[in-house]
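Trainee: The structure under discussion is supplied below as structure tokens; questions concerning it will follow.
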Amino acid sequence: MEEKKQCKGCGGALPFVIGFVAAVIAGWVLFPDLIYSKKTQPVRFSHKIHQEQGMECSSCHTFRDDGSYAGIPTNEKCMECHADVVGSDPAEQVYVEKYAKTGKEVPWLIYQYQPDNVIFSHKAHESLECTSCHPDMGKNDTPPVYYENRLSGYSKQTMKMWKCERCHAENGVSNACHVCHK
Amino acid sequence: MGLDRRGFVKLVVGGVAGTLFTPVIWQGLDDASIWSQNWGWIPRVPKGEVKAASALSKLCPAGCAVKVKTVGGQPFAVTGNTENPMSKGGVCPVCAGGAQLMYSPARVKSPMKKVGEGKYEAIKWEDAEAMLVEKLTPLKGQDGKIAAISGDETGTANEVLSAMLAGLGSTGYYVMPGEMFTASKGVKLMGGNGQPGFDIEGADLVLMIGADALDSWGATVANQKAFAATRPTGAEATAQFVYAGPVLNSTASVCDKFLAVPPTATTAFSLALANALITAGAVSSASDFGDYKALAAKYTAEVFEKATGLKAEVLKDLAAKIKAAKAPLVIAGASFGQGAGALDFVAGASLNVLLGRVGQKGGMTLLPAAPKAIASATDRENAKDAASFLASVATGKATPGALLIYEANPAYALPQAGDMAKAMGNIGFKVSFSTYMDETAALADLILPAPHPYERFDDAMNPYGVSKPTYLAGKPVVAKPVMDCKDPVDVLLAAAGKLGLSLGFDTYADVIKAKAKAVGADFDALANGGIWNGEPKGGSLSLGAAALAKAPAAKADDKAVALAPVSKLAYGTGSLATPPANLLVVRDTELLGKDLLVQMNAATAKKLGVASGNKVKLSAGTGEVKALVHVNEGVAADTVAMLLGFGRSAWDEFTKGKGDNVYKILTVSDEAGTGLKVWAGSTVTVAKI
């Protein structure tokens with residue numbers, strides 16, 4: 001009778017523990033793989049090669065005259081050098097043939113794309129290092145994999161509002177709605 | 001060890017508890033909340049550089065020089081071009097919505113071929129162009145078998161169209177009605193030649209007889225800027241504006257004085273004013289002054305009162321004001337910009353001659369004919385009117401085999417519109433070159449989508465009303481049209497080539513550049529928002545007494561009342577339905593739900609036995625329109641006023657089926673002495689239903 005009770009108690013804890021551990025493993029290991037789909041950039045752009053040519057970040061990622069940030073350059077900028085194939089990298093050939101010559105803009109995947117209701121001014125954040133928010137792309141030879149959230153549609157790296165708010169709070173900047181949502 | 005039911009429950013509970021220590025639930029909720037905002041109908045803001053490009057927006061009849069704001073190369077807003085001396089930063093209410101109209105659901109998306117009643121099939125451009133050539137080939141060389149109607153008053157496209165027809169052996173080139181046409185005829189009746197202009201900017205008293213110059217007449221924006229310049233902030237007005245017309249419209253509402261003159265009495269009003277001025281001492285050196293004086297003397301105060309319903313004192317006051325002014329100017333025209341007779345124009349313009357205001361600063365000018373890019377093109381003033389043409393088609397006098405319709409909507413915007421649309425059915429092959437799916441395109445056998453103004457080269461020579469020769473030109477703002485469209489002129493030039501006719505150009509861009517060169521303008525400067533101005537020509541005019549002697553006296557008809565169609569540029573034009581955003585400014589006293597309102601003063605309502613809110617039927621000829629009565633003291637005696645621009649049967653969900661088309665009850669008659677088709681003084685019968 002006593003033995004039976006003990007056995008029942010032990011058997012009762014084990015399934016719970018197994019379920020608990022399995023869920024924790026699934027949640028931390030399998031879930032991230034399931035919730036994000038992996039995508040690669042349409043052109044294998046090498047920041048490393050461009051840096052080695054002596055280019056600065058600001059050679060392509062510039063502020064416009066009105067203070068707005070140009071973000072990723074358009075064909076107009078790329079074609080200053082790549083209107084025709086100038087090197088031997090097959091990725092360059094892909095760019096020239098698929099985009100430069102057809103006039104179609106490259107549908108780059110934006111790692112930190114923000115929704116339209118967020119007005120983010122790069123000019124106001126100019127004093128910060130790019131890498132405070134963006135991955136350090138300068139040394140990349142191959143663009144990192146783009147993880148797209150299957151549910152929300154946004155990139156894994158898209159900065160969430162709590163991060164913006166934390167930084168604002170830490171730096172004494174207002175967190176009023178209208179600061180970012182116009 | 002087996003897993004019993006209790007064990008399974010524990011496993012699940014453990015799993016759920018474990019899940020709470022993972023991101024699954026928390027991130028899932030967060031992602032789901034973001035997903036819930038991803039509705040497909042939420043417009044996406046295009047990313048890219050915000051720029052402003054100069055453009056010539058010909059959505060309005062005069063054309064506005066505008067700046068088109070683009071983001072990433074795509075237009076999203078329009079502002080006035082402050083550097084353009086004509087618009088001076090202003091923009092009309094139609095062109096202001098130009099960016100939205102570029103993405104309108106009413107746009108023709110690709111070439112379409114009629115495959116059944118109201119049924120169309122999208123076809124390739126090469127097939128559409130081949131079909132056009134195939135249909136025109138057997139008609140080549142037969143006069144009248146190929147006809148064209150143009151709705152563009154100012155573009156050099158007219159030269160291509162008319163020269164192409166001439167080259168194919170046809171004289172069937174027609175234009176949609178407009179004031180430019182009748183005014184030029186009027187100038188001829190006064191012994192002159194050329195398009196009249198009006199220097200509103202330089203006048204210190206502007207009398208507008210019918211002409212809705214601050215809204216829908218002439219170069220609206222330039223007129224409004226000239227008006228605004230006379231109203232400096234915090235200072236006295238430097239010019240007086242008087243509106244004498246059938247309705248207290250947008251122009252009348254800002255004028256110093258409004259005189260309610262029925263549309264049937266404009267000639268009588270002008271000649272009675274001439275009589276009052278002559279009585280007050282006005283003389284003219286014109287050779288026909290004696291005859292004119294004798295004619296004007298017939299328009300006594302009593303005749304004036306009977307014709308207009310106004311008191312004779314009003315006329316005296318006005319004559320005194322004009323006499324006191326240093327630079328008075330008279331502008332005559334129909335209140336809705338078309339259908340007036342040449343004699344109505346002559347009666348008004350003769351006042352400028354009487355006052356010695358022709359060729360003077362702040363007066364009436366005459367513009368020389370512009371040099372042509374294509375020598376064989378028809379002179380603009382010799383163009384024939386589309387209403388007469390379709391009336392001939394209806395009776396079988398004209399039997400065209402093919403009709404090319406360029407930027408025009410004759411099935412909707414001609415008087416007796418229902419009859420005109422029916423007459424088009426007698427034509428075997430109709431091609432509509434149109435940006436939008438309008439009422440005429442909906443009747444065509446082949447629809448060839450034309451680019452929106454920001455997608456094409458275009459120009460505007462001497463928009464009606466300008467006081468000196470004026471030329472504007474524009475080039476595309478966008479690299480690629482939104483729809484699968486081609487410039488109609490490019491299509492026509494290619495078709496002409498296949499029919500063995502060379503007009504010397506391959507593209508419309510080349511034609512416009514040649515036009516600019518002929519005019520003496522720099523095309524690049526024009527395309528960047530500039531303007532070319534020449535000098536008006538000299539010369540004098542007679543008072544037109546011989547022509548005015550044939551002016552018929554207004555007929556009194558107890559059963560009918562005069563119809564005054566009201567044109568508001570904001571509500572669109574004959575060739576452009578009300579821009580969706582502008583529908584928001586239509587008043588409940590103009591359109592209530594789907595019912596159009598007919599405005600009349602209390603005396604007219606009493607005479608007709610109707611009251612506010614009554615549903616009535618207005619009939620004239622074979623047409624009828626239903627409307628609700630709205631009593632409005634801003635309407636002239638024995639006159640009913642109704643808005644134009646509604647009752648669309650094509651276009652889009654925003655404009656279709658709202659109100660009724662007043663063009664249906666405008667009846668055409670022949671003007672005595674000139675033979676011109678007129679409909680500005682149409683009358684209608686009103687019956688309660």
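Laboratory data are not the source of any read-out in this text; all were calculated from the coordinates shown. Note that the structure is a prediction, hence the values are computed from the model and not measured. As a convention, Cβ positions derive from the backbone with ideal geometry for all residues, glycine included, and neighbour counts pool all protein chains shown.
Trainee: Within a 10 angstrom radius of the beta carbon, how do B:Y103, B:Y292 rank from fewest other beta carbons to most?
Mentor: Values: B:Y103 13, B:Y292 26.
Least crowded to most crowded, the residues run B:Y103, B:Y292.
Trainee: Computed over the Cα atoms, what is the radius of gyration of segment B:480-574 divided by 2.2 N^0.38 Å, N being its residue count? Write out the running numbers ahead of the final one.
Mentor: Details: Rg = 23.3 Å, N = 95, 2.2 N^0.38 = 12.4 Å.
Dividing the Cα Rg of segment B:480-574 by 2.2 N^0.38 Å gives 1.87.
Trainee: Let me ask something else. Could the peptides B:577-587, A:27-37 be put in order, highest first, of the mean number of other beta-carbon atoms found within 10 Å of their residues? Please report the intermediate quantities before stating the final value.
Mentor: Values: B:577-587: 18.3, A:27-37: 14.3.
Put in order of decreasing packing, that is B:577-587, A:27-37.
Trainee: Taking the convex hull of the Cα atoms, report for the protein assembly as shown its projected area averaged over all directions, in nm².
Mentor: Values: hull surface 206.2 nm².
If I average the Cα hull's projected area over directions, I get 51.5 nm².
Trainee: How would you rank B:197-209, A:82-94, highest first, on the average number of other Cβ atoms within 10 Å across their residues?
Mentor: Working: B:197-209: 24.5, A:82-94: 13.2.
Descending packing order for the listed peptides: B:197-209, A:82-94.
Trainee: I've got another one for you. Expressed as cubic angstrom per residue, what is the convex hull volume of the alpha carbon set of segment B:280-415? Mind showing how you got there, number by number?
Mentor: Working: hull volume 28.1 nm³, N = 136.
Value for segment B:280-415: 206 Å³ per residue.
Trainee: Take every residue in peptide B:2-12, count the Cβ atoms of other chains within 10 Å of its Cβ, and give the average of those counts.
Mentor: Mean inter-chain Cβ contacts per residue within 10 Å come to 4.
Trainee: To continue, here is another question. For the peptides A:114-122, B:79-87, B:232-240, what is the packing order when you average, over each peptide's residues, the other Cβ atoms within 10 Å and list the highest mean first?
Mentor: Values: A:114-122: 13.4, B:79-87: 19.7, B:232-240: 10.7.
Packing order, densest peptide first, comes out as B:79-87, A:114-122, B:232-240.
Trainee: To make sure I understand the rule: partners must be aspartates and glutamates, Cα under 15 Å from the Cα of A:K98, and not fewer than 8 residues away in the same chain. Which ones qualify?
Mentor: A:E76, A:D84, A:D89
Trainee: Stick to the Cα atoms of segment B:555-688, pair each with every other, and give me the Kirkwood hydrodynamic radius in Å at one decimal.
Mentor: Details: mean 1/r = 0.0656 Å⁻¹.
Result for segment B:555-688 stands at 15.2 Å.
Trainee: Starting from the Cα of B:V13, step 7 Å along the direction of its Cβ; do the same at B:L592; then give the gap between the two resulting points in nm.
Mentor: 7.0
Trainee: Taking the Cβ-Cβ separation of B:N426 and B:K615 as r and a Förster radius of 56 Å, what is the calculated FRET efficiency to the nearest 0.05? Intermediate results must be reported in sequence, preceding the final value.
Mentor: Values: r = 34 Å, r/R0 = 0.61.
Given R0 = 56 Å and the Cβ-Cβ separation, E is 0.95.
Trainee: Two decimals, Cα atoms only, Kirkwood Rh: what is Rg/Rh over chain B?
Mentor: On the way: Rg = 28.4 Å, Rh = 26.7 Å.
We get a ratio of 1.06 for chain B.
Trainee: Can you give the convex hull volume per residue for the Cα atoms of segment B:581-649, as a whole number of Å³? Please list the in-between numbers first.
Mentor: Numbers: hull volume 7.0 nm³, N = 69.
Hull volume normalised by residue count: 102 Å³.
Trainee: Sticking with this structure for a sec: Past the 26 Å Cα-Cα mark, which pairs from B:K145/B:K422; B:K185/B:K626; B:K321/B:K568?
Mentor: On the way: B:K145/B:K422 18 Å; B:K185/B:K626 35 Å; B:K321/B:K568 29 Å.
Going by Cα-Cα distance, B:K185/B:K626; B:K321/B:K568 fall outside the 26 Å limit.
Trainee: Okay, next question. Which residues in segment B:93-114 have a backbone N closer than 12 Å to a point placed 7 Å from the Cα of B:S253 along the Cα-to-Cβ line?
Mentor: Correct set: none at all.
Trainee: Can you compute the radius of gyration and Dmax for segment B:262-358, using only the Cα atoms, both in Å?
Mentor: Radius of gyration, then largest Cα-Cα span, for segment B:262-358: 12.6, 34 Å.
Trainee: Right, here's the next one. Using a Förster distance of 22 angstrom, determine the FRET efficiency expected from the C-beta separation of B:T238 and B:E313, and round it to 0.05.
Mentor: The computed FRET efficiency comes out at 0.25.
Trainee: Starting from the 7 Å offset along Cα-to-Cβ, what nm value, one decimal, do you get for the label separation of A:E56 and B:Y103?
Mentor: Taking the simple label geometry, A:E56 and B:Y103 are separated by 3.7 nm.
Trainee: May I pose another question? Going by Cα centres, segment B:57-100 and segment B:232-253 are how many Å apart?
Mentor: Each part's Cα centre sits 25 Å from the other's.
Trainee: Please compute, for peptide B:42-51, the average count of beta-carbon atoms on other protein chains lying within 10 Å of each residue's beta-carbon.
Mentor: Values: counts 3, 1, 2, 4, 1, 6, 6, 8, 3, 2.
What the average comes to for B:42-51 is 4.
Trainee: From the cross-link list B:K109/B:K480; B:K67/B:K225; B:K361/B:K513, which pairs have alpha carbons spaced over 20 Å apart? Let's see the in-between values first.
Mentor: Working: B:K109/B:K480 14 Å; B:K67/B:K225 17 Å; B:K361/B:K513 32 Å.
Over 20 Å Cα-Cα: B:K361/B:K513.
Trainee: Same structure, new question: Could you check the spin-label model distance between A:A70 and A:W108? Points 7 Å from the Cα along Cα→Cβ, value in nm.
Mentor: Each label point is offset 7 Å from its Cα along the Cβ direction, giving 1.1 nm.
Trainee: Would you pull out the residues with amide H under 5 Å of B:D385's amide H, same chain only if 5 or more places away, H placed 1.01 Å from N?
Mentor: B:V175
Trainee: For chain A, taking Cα atoms only, what is the radius of gyration to one decimal and the Dmax to the nearest whole Å?
Mentor: Final numbers for Rg and Dmax: 24.1, 87 Å.
Trainee: Non-local amide H neighbours of A:Y113 (under 5 Å, H modeled in plane, Pro and chain starts lacking H): which ones?
Mentor: Those lying under 5 Å, H to H, from A:Y113 are A:S155.
Trainee: Pop out the ³J(HN,Hα) list for segment B:289-296 in order, Karplus 6.51 cos²θ - 1.76 cosθ + 1.60 with θ = phi - 60°, rounded to Hz; leave Gly and Pro as x.
Mentor: Per-residue couplings from phi come out as 4, x, 5, 5, 4, 5, 5, 4 Hz.
Trainee: Another one. Enter the mean number of other protein chain beta carbons within 10 Å of the beta carbon of each residue in A:148-154, as an integer.
Mentor: That average works out to 5.
Trainee: Follow-up question, since we're still on this one. One-quarter of the Cα convex hull surface for segment A:120-163, in nm²? Can you show the working numbers first?
Mentor: Values: hull surface 16.7 nm².
Its Cα hull, projected and averaged over all orientations, spans 4.2 nm².
Trainee: Next up: What is the extension gain from B:E126 to B:W39, computed as 0.36 nm multiplied by their sequence separation minus the C-alpha to C-alpha distance, in nm to one decimal?
Mentor: On the way: separation 87, 0.36 × 87 = 31.32 nm, distance 3.85 nm.
This chain segment gains 27.5 nm when fully extended.
Trainee: Put +1 on the Cβ of each Lys and Arg and -1 on the Cβ of each Asp and Glu in segment B:18-127; which of B:S33, B:S87, B:S104 then has its Cα farthest toward the positive end of the dipole?
Mentor: B:S87
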